[in-house]
There are 2 protein chains.
Amino acid sequence: MDTVAAYHFGWIDAQGRPTDADSGKAVRPALALLSAEAAGAAPEVGVPGAVAVELVHNFSLLHDDLMDGDEQRRHRDTVWKVHGPAQAILVGDALFALASEIILDGDDAHAARAARRLAAASRQLIDGQAQDIAFEHRERVTVAECLAMEGNKTGALLAFAASIGAVLGGADDALADALDAYGRHLGLAFQAVDDLLGIWGDPRSTGKLTWSDLRQRKKSLPVVAAMAAEGPAAARLTALLTADVKKSREEFEDFDEAEFAARAELIDEAGGRRWTADEARRQYDIAIDALESVTLPAATRRRLTELADFVVVRSK
Amino acid sequence: MDTVAAYHFGWIDAQGRPTDADSGKAVRPALALLSAEAAGAAPEVGVPGAVAVELVHNFSLLHDDLMDGDEQRRHRDTVWKVHGPAQAILVGDALFALASEIILDGDDAHAARAARRLAAASRQLIDGQAQDIAFEHRERVTVAECLAMEGNKTGALLAFAASIGAVLGGADDALADALDAYGRHLGLAFQAVDDLLGIWGDPRSTGKLTWSDLRQRKKSLPVVAAMAAEGPAAARLTALLTADVKKSREEFEDFDEAEFAARAELIDEAGGRRWTADEARRQYDIAIDALESVTLPAATRRRLTELADFVVVRSK
């Protein structure tokens with residue numbers, strides 16, 4: 001399993017040769033270290049949390065890429081494409097199990113508290129993926145349902161990351177909960193940006209195919225916001241996507257690029273793109289506000305704000 | 001996900017109608033309740049352990065059936081056959097996450113101790129499945145390697161089941177470790193019997209295909225013990241199985257029933273069947289011996305022995 005995990009993390013290529021591929025943005029572990037500092041602890045106090053969150057995140061990537069049939073991640077073939085579905089399942093399971101072991105490796109009181117937060121975040125993450133998959137087969141999804149799904153799928157793990165260092169550093173519940181709220185709303189901002197990139201992102205930056213989310217019939221925020229709008233573009237989009245749901249996967253994969261481009265254009269015209277960009281900003285503001293209620297070292301507050309800035313302006 | 005889980009547990013059929021299908025032998029939860037009694041606690045003290053172990057066991061069944069391509073379990077189509085691979089992955093993940101949440105739902109000291117045992121057992125379980133899959137593609141596997149694999153794949157979770165009730169009941173390490181050893185060796189006896197049933201089990205009892213393990217080229221105990229033996233049957237078997245490893249899955253699936261029957265016959269002739277039956281007995285004896293070192297209520301000791309008797313004489 002080491003080889004498969006090392007491939008996934010970008011440390012070796014498909015032939016097992018050392019490589020220096022893109023290993024991801026490391027937003028979650030960065031948050032876990034800042035979180036320890038927020039509680040007045042040394043950043044290294046957050047390391048078990050940083051490792052655990054990165055393991056759970058990568059467990060979910062391994063399984064989600066297989067479930068979604070995604071062939072590319074970070075400009076490279078996904079694990080199931082290179083090493084087969086069984087290895088993607090197995091190594092995902094192993095990373096998930098390892099996360100629990102690592103977070104429990106401390107004194108009993110801290111370990112139990114940290115592990116409960118990890119278990120709850122993991123369950124929400126899995127619920128979110130289940131909702132995401134279910135939505136692909138539904139004709140209509142409301143904006144509220146989509147936000148609830150994204151809160152589970154992305155918000156919960158960022159909330160864990162943002163609070164776990166403080167928990168390991170012995171913070172009280174008020175501080176841990178404020179950091180949790182910051183992380184949850186930052187996660188929603190992050191996902192809104194991801195949803196924009198999933199349709200209009202430059203494949204050279206994202207490492208994914210063009211119109212990636214549209215190819216999978218994802219009911220992401222720009223899509224549901226556009227479908228919820230009034231006017232001819234929204235009506236035309238709704239008619240197209242409602243018909244899409246009834247198509248077989250094979251029929252859908254034979255689509256011409258122009259078909260996806262037309263859908264993307266309608267989403268934009270109906271206001272889904274603009275609404276999602278505004279939503280990213282709204283969630284960013286709530287995240288920053290959540291930090292106002294607690295006392296933090298000035299440097300940590302600045303870094304948490306900078307990290308939030310990075311999340312909303314990124315191109316990959 | 002509820003529907004998929006309920007189908008897997010045998011509570012509803014593929015159409016969602018209530019049913020009363022075989023839900024499994026429930027050896028693991030029975031052990032967890034007896035384990036609480038062993039520590040002088042009420043059996044219900046072991047309930048979170050019983051639930052957690054059953055969840056982890058069923059997580060592994062959902063994923064393993066998919067990885068192994070098994071189409072039948074307990075006389076019914078497996079989850080991935082009925083609901084698709086994505087649901088088998090997702091619901092497995094959800095059961096695994098839920099197990100952690102349940103075991104952590106107590107006071108901090110007990111919760112952390114119990115969760116550490118669960119995390120370690122889960123990691124070993126996954127390691128065992130990885131070894132099992134790897135062995136299918138290897139020409140030779142030693143008996144020691146096979147026992148190590150089965151100790152991970154089956155022994156670790158039975159060790160957890162047999163000790164978790166006592167841990168939740170506040171037992172000291174000496175008692176928990178003796179129960180752990182009992183469970184681990186009972187697991188090895190259990191797996192030896194499973195390996196016999198995997199080749200010679202009656203499909204009407206096991207709910208699996210005839211020669212089930214041979215169809216998957218499993219390097220189970222009867223196979224590796226036979227290959228390690230001297231004489232013409234062992235040599236003939238080794239030549240056949242070495243050639244089998246090089247075949248594609250499709251070539252292999254086209255095999256005639258007689259081909260599997262011939263392999264089973266050679267395994268028997270080379271002594272693999274007898275050796276495995278003896279090994280089940282040896283492991284049973286070590287399991288019972290492990291209980292001798294500790295003080296237990298007489299009724300609990302008797303029940304733990306009866307459960308071990310059931311494990312080695314079962315036909316499914």
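The values are calculated or read from the model by the stated rules, or taken from the named source; none is laboratory data. Quick caveat: nothing in here was measured; it's all calculated off a predicted structure. For neighbour counting, all protein chains shown are included, and Cβ atoms are generated from backbone atoms with ideal geometry for every residue, glycine included. Keep in mind that these areas ignore ligands, DNA and RNA; they rest on the heavy atoms of the full protein, side chains included. Shrake-Rupley method; radii C 1.70, N 1.55, O 1.52, S 1.80 Å.
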Just to confirm the number: angle between the C-alpha axis of helix A:173-200 and the first principal axis of chain A, 0 to 90 degrees, nearest 10? 30 degrees
Report the label-to-label distance for A:F9 and A:A239 in nanometres (one decimal), using points 7 Å from each Cα along the Cα→Cβ vector. 5.3 nm
Taking the rotation axis that maps chain A onto chain B, which residue of A brings its Cβ closest to that axis, and at what distance in whole Å? A:A112, 2
How big is the accessible area of B:S315 in square angstrom, nearest 10, if you roll a 1.4 angstrom probe over the protein chains? 70 Å²
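Across segment A:1-81, how large is the tail of the calculated P(r) beyond 14 Å, expressed as a percent of all Cα pairs?
Working: 2118 of 3240 pairs.
Within segment A:1-81, distances greater than 14 Å cover 65 percent of Cα pairs.
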Ranked packing of A:224-234, B:40-50, most packed first, by mean Cβ within 10 Å: B:40-50, A:224-234
What is the extension gain from B:S248 to B:S293, computed as 0.36 nm multiplied by their sequence separation minus the C-alpha to C-alpha distance, in nm to one decimal? 11.2 nm
For the protein assembly as shown, what is the accessible area per residue in Å² when the probe is 1.4 Å? 40 Å²
Treat every Asp and Glu Cβ in chain A as -1 and every Lys and Arg Cβ as +1, leave all other atoms uncharged, and give the resulting dipole magnitude about the Cα centre to the nearest 20 debye. 220 debye
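What's the buried accessible area, both sides, between A and B using a 1.4 Å probe, rounded to 100 Å²? All intermediate terms of the calculation are to be shown ahead of the outcome.
Numbers: alone 13940 and 13910 Å², together 25180 Å².
Result for this pair: about 2700 Å² buried.
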Counting partner chain Cβ atoms within 10 Å of every residue's Cβ in B:23-32, what's the average? 0
At B:P85, with labels set 7 Å past Cα in the Cβ direction, how many nm apart are the copies from this one, shortest first? 0.3
Residue-count net charge about B:E139 - beta-carbon cut-off 12 Å; Lys, Arg +1, Asp, Glu -1: +3
Inter-copy label distances at A:T142 (7 Å, Cα→Cβ; nm, one decimal): 6.4
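Order these peptides, A:61-69, B:89-97, A:253-261, by their mean beta-carbon neighbour count within 10 angstrom, highest first. Before the final figure, lay out each step's value.
Numbers: A:61-69: 22.0, B:89-97: 26.2, A:253-261: 11.8.
Result, highest mean first: B:89-97, A:61-69, A:253-261.
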Label segment B:1-150 by shape, choosing from rounded, prolate and oblate, from the square roots a ≥ b ≥ c of the eigenvalues of the Cα gyration tensor; if a/c is under 1.5 it is rounded, and otherwise prolate applies when a/b is larger than b/c, oblate when it is not. oblate
Taking the Cα centre of segment A:2-295 as the origin and placing charges on Cβ (Lys, Arg +1; Asp, Glu -1), which of A:I288, A:W11, A:L214 is farthest toward the positive end of the dipole? A:L214
Report, to the nearest 10°, how far helix B:156-168 tilts away from the longest principal axis of the Cα atoms in chain B, using its own Cα long axis and a range of 0 to 90°. 10 degrees
Which value in nm describes the separation of the simple spin-label points at B:V313 and A:R281, placed 7 Å from the Cα toward the beta carbon? 7.6 nm
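Explain nothing, just the number: dipole magnitude of the protein assembly as shown about its Cα centre with +1 on each Lys and Arg Cβ and -1 on each Asp and Glu Cβ, in debye rounded to the nearest 20.
Values: 70 positive and 102 negative charges, 3 e Å.
Dipole magnitude for the protein assembly as shown comes out near 20 debye.
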Hey, got the average number of other protein chain Cβ atoms within 10 angstrom for residues in A:1-7? 1
Hey, if you put +1 on the Cβ of every Lys and Arg and -1 on every Asp and Glu Cβ in segment A:119-205, which of A:A159, A:Q191, A:P203 ends up farthest toward the positive end of that dipole? A:P203
So, with a 1.4 angstrom probe, what is the percent of accessible area on segment B:2-313 that is carbon and sulfur? 53 percent
Determine the shielding of peptide B:81-91 by partner chains: average, over its residues, the number of Cβ atoms on other chains within 10 angstrom of each Cβ. 4
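What's the local net charge at B:Y7, with K and R +1, D and E -1, over the other residues with C-beta under 10 Å away?
On the way: positive: B:R76; negative: B:D2, B:D13, B:D77.
Once positives and negatives cancel, what remains is -2.
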Once ligands and nucleic acids are excluded and a 1.4 Å probe is used, how much of A:L104 is accessible, expressed in Å² to the nearest 10? 10 Å²
In a Gaussian network model of chain A with springs linking alpha carbons closer than 10 Å, the residue among A:V79, A:V245, A:V53 that fluctuates most is A:V245
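Strictly greater than 27 Å: what percent of every Cα pair in chain B meets that?
44 percent
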Ordered by packing density, taken as the mean number of other Cβ atoms within 10 Å over each peptide's residues, highest first, how do B:149-157, A:13-21, B:123-131, B:285-293 rank? B:149-157, B:123-131, B:285-293, A:13-21
What fraction, in whole percent, of alpha-carbon pairs in the protein assembly as shown exceed 31 Å separation? 56 percent
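What does the charge count around B:A109 come to, taking other residues whose C-beta lies under 10 Å from its C-beta (Lys +1, Arg +1, Asp -1, Glu -1)? Show your work: numbers first, answer last.
Details: positive: B:R113; negative: A:D107, A:D108, B:D107, B:D108.
Residues near B:A109 contribute -3 overall.
Compute the semi-axes of the equivalent ellipsoid of segment A:223-312, taking the square root of 5 times each eigenvalue of the Cα gyration tensor, and list them largest first in whole Å. Walk me through the intermediate numbers first.
On the way: eigenvalues 305, 45, 22 Å².
Output for segment A:223-312: semi-axes of 39, 15, 11 Å.
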How far apart, in nm, are two points set 7 Å out from the Cα along the Cα-to-Cβ line at A:A42 and at B:A21? 5.5 nm
Using a label position 7 Å from Cα in the Cα→Cβ direction, what is the ascending list of nm distances from A:E71 to the same site in the other copies? 2.8
Using only the alpha carbons of segment B:122-262, what is the convex hull's orientation-averaged projected area in square nanometres? 9.8 nm²
